[in-house]
Structure formats: structure tokens, C-alpha cells
Amino acid sequence: MQSRGNSVPKAITLGLLLLVLLAGGAGAGEWAAVRRVADGDTVELTDGRLVRYLGIDAPEIDHAAGTAQPFGFEARARNRELVGTGRVRLEADVERFDAYGRTLAYVFLPDGSMVNEALIREGLAFCLAKTPNVKHEERLLRAQRQAMEARHGIWREWREKPGRFIGNRNSRRFHRPECPEAKRIRPANRVAFRTRWEAHWAGYSPSRECQPDFVIPGDPTPWPSPPPR
Ligand SMILES: [Zn+2]
């Protein structure tokens, strides 16, 4: 009698628990599977969509030439290791797509860890804050500072001459002082850095226009064919 009286509420409780786990416990977002890994911040899903990881920038790979910036191949290999064999959960921010039609996402593994963050923590990518998609900016910057302090990956053999770099508080980009863009930054938004390291530590990323040594042709189209719209 007693056990029978309890079984219905128990079943309801279990059912509710299952719903909670499915809906919220495992995190919101969309589950997907990865078909190809282009580099440390771009993958192709089995349904053909290209996904560009939010909040990070990995060293570029020039797919046509078979060359890469330092740690470009390492970043791709690690990304493959992380997302290559199972399902991933995509979490969106404010903007769903970039200018090239790629899906913008934070990518989570079934164990709840964030791939974007893991790559930064291992020094295989750096923080790339891009408003309005800055939901996890602080979390990613914390991971980057850990990587910098521990000298992982790209931070390991970091060499630079002290100089002067101008950051923009709005865009979170830094420029060489002679860059025309740097000269256009309003005084209230200007912030000076003595080294690139210092700028990265503060969460700024290099402007592509005036940092040619950061750019390899081939990005943002990771494969010879144009990304699907
Ligand atoms: Zn510039």
C-alpha cells in the first residue's frame, strides 16, 4: 500500500528531474557534430554550416600554401582533439552570424567545458573581444592571463621590442601609433601600451590593418570554396 502510494509522485518527480536535466542542466543551446576542423577557431558541422568560435582568434593557417603562423597547426590539432569525435553544444551570443555567413558560437563539450576557453588557456589562441558578442569576455580573459603567466603556447617564446601601441577602449583593438586609425581614436577612448604583451594582458587584440605580421592570407575563408550562406 505504502509503496504504491509513493510510486506516482516518485514517477512525476523523476520525470520533472529528467526534464530539468534535458532543458537546463546540460546547458541551453543547440547540439551539433563537427565534420572538419579548419584551424583553431573555425570548424565545419556535419550539416555544412561553418562555425567561427566567438571571443577568440587562433593563429592563421594558409590552406593553399600549407603554411601557418606559429602555433597555427598546433591550435588546429588541439581543436580537432577536442571537438573532432563527438557532439558539441553551440551557444550563441547577440549576433548569430558574421559578415561571411559563418555561425558565431561558444562551443561546449558534453562534459560542460568550453572549447574557446580551453584553447585560450593552452595558449593556442588569444582573446578577441568583439562587441556586442562579449558574454564570456571576462571568463576568456581570465583564461588568457593564466596562459600568459604559465607561458603556454604562443606566450612561451614571446619576444618583442618595447615600443608604443595605442588601444581603443571601444573596439578593444590596439594599433601602431603611426596607424591612421590610431590617430582617429577619441582621446577619451585612447589607452597606451608599452608592449603588445601588455595590450593582450588588458584584453586588447591587434588591429589587422596595421599589424601585417599577424595576418596570413587565407582567413576568413578556411577552404578554397566560399562558405555557404
Ligand atoms: Zn591600425
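The values are calculated or read from the model by the stated rules, or taken from the named source; none is laboratory data. As the structure is a computational prediction, the values presented were derived from the model and not from experiment. A quick note on method: Cβ atoms are made from the backbone with ideal geometry, for glycine too, and the neighbour counts reach across all protein chains shown.
Per-structure values
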{"read-out": "Whichever residue in region 214-229 is among the β-branched types (Val, Ile, Thr) and out of contact with any helix residue (DSSP H, G or I) (no Cβ under 9 Å at 6 or more places or on another chain) and, among such residues, is modelled with the lowest pLDDT", "value": "Thr221"}
{"read-out": "Conditions (1) at pLDDT 95 or above; (2) more than 22 Å from Pro70 (Cα to Cα); number of the one not met by Arg184", "value": "(1)"}
{"read-out": "Failed item in (1) within 13 Å of the ligand (Cβ to nearest atom); (2) modelled with pLDDT of 90 or more; (3) under 18 Å from Glu60 (Cβ atoms); (4) not hydroxyl-bearing (Ser, Thr, Tyr), with Gln211 passing the rest", "value": "(2)"}
{"read-out": "Top-ranked residue of region 164-182 - restricted to ones that are part of a loop (DSSP other than H, G, I, E, B) and more than 29 Å from Ala118 (Cα to Cα), ranked as nearest to the ligand (Cβ to nearest atom)", "value": "Cys179"}
{"read-out": "Subset of region 122-163 (residues that are in a helix (DSSP H, G or I), within 20 Å of Leu90 (Cβ to Cβ) and either among the charged types (D, E, K, R) or in contact with a Pro (Cβ under 8 Å, 6 or more places away or on another chain) (or both))", "value": "Glu137, Arg139"}
{"read-out": "Cross-chain or 6+ apart pairs with Cβ under 7 Å, region 120-143 first and under 15 Å from Ala58 (Cβ atoms), then among the aromatic types (Phe, Trp, Tyr) and assigned to a strand (DSSP E or B)", "value": "Ile120/Phe126"}
{"read-out": "The lone exception for Ser205 - which of (1) more than 12 Å from the ligand (Cβ to nearest atom); (2) touching a residue at least 12 places away in the same chain (Cβ under 8 Å); (3) under 25 Å from Arg78 (Cα atoms) it fails", "value": "(1)"}
{"read-out": "Test: residue in region 106-116 that is surrounded by 13 or more Cβ atoms within 10 Å (Cβ to Cβ), in a helix (DSSP H, G or I) and modelled with pLDDT of 95 or more", "value": "yes"}
{"read-out": "Meets criteria (surrounded by fewer than 20 Cβ atoms within 10 Å (Cβ to Cβ), within 16 Å of the ligand (Cβ to nearest atom) and over 14 Å from the mean Cα position of the chain (by Cα)) for Arg159", "value": "no"}
{"read-out": "Filtered residues of region 183-202 (kept if in contact with a helix residue (DSSP H, G or I) (Cβ under 7 Å, 6 or more places away or on another chain) and either within 12 Å of the ligand (Cβ to nearest atom) or free of Cβ contacts under 8 Å to residues at least 40 places away in the same chain (or both))", "value": "Phe193"}
{"read-out": "Test for Leu141: is it within 16 Å of Ala199 (Cβ to Cβ) and of a type outside the set (Asp, Glu)", "value": "yes"}
